[in-house]
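The values are calculated or read from the model by the stated rules, or taken from the named source; none is laboratory data. None of these values were measured; they are calculated from a predicted model. Because the Cβ atoms are built from the backbone with ideal geometry, glycine has one as well, and the counts that use them run over all protein chains shown. These accessible areas exclude ligands, DNA and RNA; they are computed on the full protein's heavy atoms, side chains included. Shrake-Rupley method; radii C 1.70, N 1.55, O 1.52, S 1.80 Å.
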Amino acid sequence: MASQCTLSTLFPIQSQLECALDEAATHTEKEQLVYDYLEKSDEREDLKISDFHTGLEWLNTEGPLSLNKELVGKVVLLDFFTYCCINCMHILPDLHQLENRHSVKDGLVIVGVHSAKFPNEKVLDNIRSAVLRYDICHPVVNDSEASLWHELEVSCWPTLVLLGPHGNLLFALVGEGHRDRLTLFTDSALRFYGERGLLKTHSVGIKLYRDSLPPSILSFPGKVAVDQSNQRLVIADTGHHRILVVSSIGQLLHVIGGPERGKQDGDLSEASFNSPQGVAIKNDTIYVADTENHLIRKIDLSQRRVSTIAGVGAQGTDNEGGAMGPEQPISSPWDVILGTACGAEDNVLWIAMAGTHQIWALFLADGKLPKGSESKAGTCVRWAGSGSEENRNNAYPHKAGFAQPSGLASALKEPWSCLFVADSESSTVRTLSLKDGAVKHLVGGERDPLNLFAFGDVDGKGVDAKLQHPLGVAWAPEQKLLYVADSYNHKIKTVDPKTKQCATLAGTGEAGDALGPELNKSCFNEPGGICVGDGGKLLYVADTNNHQIKVLDLESKTVSLFPVLTECTDSAPVKRPAATKVPTLPKSAVRKNAPPVTVSAGQTVCMSLAISLPEGAKLTKEAPSCWALSAEGNEWLLGEQVMTGEIVDVSQPLRISAKLPPVLNGSDGNLSLALNTWVYYCTEGGNTCMMKAASFTLPLHINSCPGAGEVTVTLTHAF
């Protein structure tokens, strides 16, 4: 696209219109001003641009697009963006609104021009993932070397450029927050050229990549959090707009929201989210950064309710806050973590407010910020960050500057007593003192607070270390180490906050999906979330672009895939797997009584069943070996859980889990579970095939005190 003109030619012409629009009193006056402007500017030959370069990579199309072919007779909106940029994300709803308002047949085509900031963003596969993640439904061209950007003299992300049907510059809008003017310009251009018969109704060969993808259990998981007391994992299944709660072995316990976007409160089966990211859990309460709804949500698992505790459901521009949560507009919260601020334990929820480049506090109980005044429960207020996008450290929290903070971790004890902040756009990790609010540099970036391009992949100390758009941090107090999801380097790194030494722990630096076996041979693809489990022995990583959760065992130094044990995909409320049809238990079945096990309300009973076959025998693949768990006479004990399944492999113990109700009122203490198994197998050589059955009875002794976690029972049988 060797441009015959640039935006510097357009802006002086458009500025006169902008001044007139600011003074216009009515919408009709504004429409007439734009119409008059189009009559004059359409005659100018110096506003015409040349075609797209050949050889560029295109997404969401059947092939390359040309202003002289496919786009002739169309009003074309060019969206110059880079997928890391929160401001670029903020205008996507404006573009969605335009697409719903005007179709390609009406004459409007939106083309995303991806001009990368980070090297990782130049890769087509990574842009493709972003297009899917942000549900971009228009053509996107990979301007990997920013050639279009430079030729048109674009200066910042996002920039919108509107073209007429013969490739002529009409308008340009820089930055976010121009929805009304964008709609005015687009509507007027379509009317102007439509009246002159210059618009064409033909299609342009749009082919959405998402339509060719198979369903997956997870879609771009953003963040993860561990509930240490109950051995549960909370997953922000961002691409499916839902929150998953799973057991330590991956059994699905709760699905809240999804698969469509929404912002409904209410029962777990009715609630909805929009690209949730950060999650924090304490007991049966989960806090969620509902990012694209610009809300903070609360999930009460015991009451089965979702409520909004901060935000108004639309993007806010307030940099100060101070209102009650549901009355306080906020902007793109990306992570949340519980903390304490001069009051009761966990009386505050810290928020990484990516949209305003700040750290906020939502008071769950009365408290006080360092260098701040008393705040009542429910207050939502800015704590640190001026609102300017900077890498600026300062002893006064309000004078510090962040650049899209996206991950939080808390180190409560001395000498740390701070929040660690993954400041993604400055490619740094910063600290925010819990004692006085001072913001300091830890690793990455550089000393110039205005240089947000000091990124790389270098192990080292302090400012000599280099990161690339880190999104997640997790603190391990046992090891006194900070773990960093160095997202665009596709690595997990460690930081010793005492020495400021940063080193690679896992990942090769290239996007991939290998499990190792060694940590430095494992591969990730833009990991966005990370948390520590099992006393610092495990790391759970949201491997975002691989649609997986991976587990790093820090003792064995291995990486494994964390299974989410459900066949349910893309459904809300969750469609429960169909029960496997099981035969009647024959009289010849072996019957075994297991020793009684003591359990409490709310606990999960996990049965580890080891089955062995005669030597040389193998399961008959064509026959349905299966199991069924029941509580005959006390069906309420298992509720709606589907307690049947297939047996496809006996080389490893079969794990069957059942979560007990939170209340066991009315039980006389004589409760039991019955696990029945049917096994079809053939002897060596296939001469004889048979079916055998075994039944296990597990008596339950009920503890009067509520409990948490799992109770594991080992069952064995040799056929």
All conditions in (1) crowded, with 24+ Cβ neighbours inside 10 Å; (2) out of contact with any Ser or Thr (no Cβ under 9 Å at 6 or more places or on another chain); (3) at positive phi are true of LYS480 except (1)
Are any residues in region 517-532 under 21 Å from VAL123 (Cα atoms) and assigned to a strand (DSSP E or B), and if so, which ones? SER522
How many residues does region 290-341 contain that are assigned to a loop (DSSP other than H, G, I, E, B), within 21 Å of PRO370 (Cβ to Cβ) and touching a Leu at 6+ places or on another chain (Cβ under 6 Å)? 1
Give GLY194, GLY112, GLY205 a once-over and let me know the one that is within 21 Å of LEU10 (Cβ to Cβ) and among the small types (Gly, Ala, Ser). GLY112
Does region 381-402 hold any residues that are within 18 Å of ILE330 (Cβ to Cβ), among the hydrophobic types (A, V, I, L, M, F, W, C) and open to solvent by less than 10 Å² (accessible area, probe 1.4 Å), and which are they? TRP383, ALA384, PHE402
Please go through region 245-292 and give me each residue that is on the phi > 0 side of the Ramachandran plot and either crowded, with 22+ Cβ neighbours inside 10 Å or among the aliphatic types (A, V, I, L, M) (or both), ordered by number. GLY257, GLY258, SER275
Single residue of LEU434, LEU467, LEU450 found to be touching a strand residue (DSSP E or B) at 6+ places or on another chain (Cβ under 9 Å) and at pLDDT below 95: LEU450
Conditions (1) out of contact with any helix residue (DSSP H, G or I) (no Cβ under 7 Å at 6 or more places or on another chain); (2) open to solvent by 40 Å² or more (accessible area, probe 1.4 Å); (3) assigned to a loop (DSSP other than H, G, I, E, B); (4) touching a residue at least 60 places away in the same chain (Cβ under 8 Å); number of the one not met by GLY197: (4)
LEU412, sole failed condition from (1) open to solvent by 10 Å² or more (accessible area, probe 1.4 Å); (2) modelled with pLDDT of 95 or more; (3) more than 24 Å from SER386 (Cβ to Cβ); (4) aliphatic (A, V, I, L, M): (2)
Mind listing just one residue for me: the one in region 18-52 that is among the basic types (Lys, Arg) and in a helix (DSSP H, G or I) and, of those, most open to solvent (accessible area, probe 1.4 Å)? LYS40
Is it the case that some residue within region 166-176 is crowded, with 18+ Cβ neighbours inside 10 Å, of a type in the set (Asp, Glu) and on the phi < 0 side of the Ramachandran plot? yes
Which condition does ILE359 not pass, out of (1) part of a strand (DSSP E or B); (2) of a type outside the set (Asp, Glu); (3) open to solvent by 10 Å² or more (accessible area, probe 1.4 Å), if it passes all the others? (3)
